[in-house]
Amino acid sequence: MRTSFGSRLQAVRPQFGQVWTLPIEAAAATVGRVTPSAAAPDAGLGALTAAVRAALAGAGVPSLTAGVQRLMAAYRSGEVPAGPVMATRADAAAYAAYRMPATVAATAAALGEMELSLAGWRPRSVLDFGAGTGGASWAAVSRLDSVDTITLLEQSPEAIRLGRAIFAESESPALRSATWRSWQLGGSRGRSAADMRAAAASGPAAVRQASDGPCAHGPAADLPGADGTAADVPGANGPAGDGLAADGPASDGPGAGSPAGDGPAGDGPAGDGPAADVRAADGLAADGPAANGPAADLPVVDLAVAAYVLGELAAAQQAALVGLAVAAAPAVLVVEPGTPAGHRRILAARERLLSAGYQLAAPCPHQLRCPLDTPGDWCHFAARLPRSAVHRQVKGAELNYEDEKFSYVAAVRPDSAVTPRRPAGRVVRRPQQRKGLVLLDLCASDGRTRRELVSKSKGEAYRRARKTSWGDPWG
């Protein structure tokens, strides 16, 4: 029986910028469970919606709206926060309803490209830095069916409380048994770069750690909540394009975006902070643990993820965090908002990873200087996800979907079991289709950007170009 437009649900495909529709009856069948990536093209968003809805209870739209407004003000301030962004239960509830699905969608898209580059890569363990309510870990389990062990590091007790409750609603064993740790970079918020360098000279800063244990499975009836989930980068309400736009089509020019809605700053490149060249085998092996620092307390894992966290740190802290990720895992993924400031943080992380000897897996088709590191331009991609009715109400938005703009870098240690297969190019703009012609803006393997015109006369290449999306490999 044909379903009406209103009874269909839009969700995210593993590829960038592509949208598929799923009848709501089929979506309901997936609620409450996380399935392997091959069977979960919505990056687990259907199951996440149900889990967040079950974990949150009590608060209505006015309470959520107030929490969302506080979060938006914090993100837009451009200042490094003095304390946890999710300091209260209301803040954590607003974050889970308005930001967690976007984190899942963007991280899952980046992991999908990482998988394409690393043939045979099957990570089992994940370390999630600055986990919030667990969006990046949810994406990892949804996208990578090999993951069975997760450790999440987060400084906000309320985010941990709510994240545990959300994970308890999943049928994924990896999520239900996840280990949550109360953790931060040694209380280094507010310290200057000079202080951080001085601390690095005598070893990494100490870590404060507690609440280390399996994920709790109890109810969360005392948590304020909402009726559904959605997400947004403030000011990024429009469909996919090259810029960040309000509700309505996004423009295509490289300068169309706005830093508005970016996470708290750390806008410049990370400096010479600590732990720049730490290698996983140098500080965490059983026969030689690192002394007195955070690296000594972190597990050795297959994949370290830092999603939407660098913007809450000063530049030297950003460098330290990337160093800890390098120390913990042979594969590292860093995701930030798709704004000029977010891209600058990704470029700084990229440089730290290259300095540590890592090989880039995605999105870069080369290891040379980024050709999009120019005024008015930046490298970013988009993942589409549905908005709930509640999210549209609290944001005053009309569209029933949004495109999460994000920048990312993924890299692996050269002595790991897999070697990146970088493409000849990466599509860095939304492809433009004309009659009998497709225009592709590419970042090429020679470290330059170029526009490729694929005409209908090219046969198979033309047919492939018509199916190619923003962020896909090419050639």
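Rule-based calculations on the coordinates, nothing more; no lab input. These figures come from a predicted structure and were not determined experimentally. Cβ coordinates were reconstructed from backbone atoms using ideal geometry, including for glycine residues, and neighbour counts include every protein chain displayed.
The table that follows gives values for the structure above.
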read-out	value
Distribution of pairwise C-alpha distances over the range 132-184, 10 Å bins, in %	28, 59, 14
Principal semi-axes in Å for the range 350-428 [√(5λ), Cα gyration tensor, largest first]	34, 16, 11
Distance histogram in 5 Å bins (all Cα pairs of the range 331-475, percent per bin)	2, 9, 16, 18, 17, 14, 11, 8, 4, 1
Residue 368/residue 466 FRET efficiency (R0 30 Å; Cβ-Cβ; nearest 0.05)	0.50
The range 83-173 pair-distance distribution - Cα-Cα, 10 Å bins, rounded %	17, 49, 27, 7, 0
Residue 146 versus residue 389: modelled label distance in nm, points set 7 Å from Cα along the beta carbon direction	4.3
Reduced Cα scattering model of the range 423-475, Debye log10 I(q)/I(0), q = 0.30 Å⁻¹	-1.22
Sequence ranges 114-120, 405-411, ranked by mean other-Cβ count within 10 angstrom, highest first	405-411, 114-120
Net length gained if the chain between residue 450 and residue 424 were fully extended (0.36 nm per residue, minus Cα distance)	8.2 nm
Ratio of the Cα radius of gyration of the range 100-145 to 2.2 N^0.38 Å, where N counts its residues	1.10
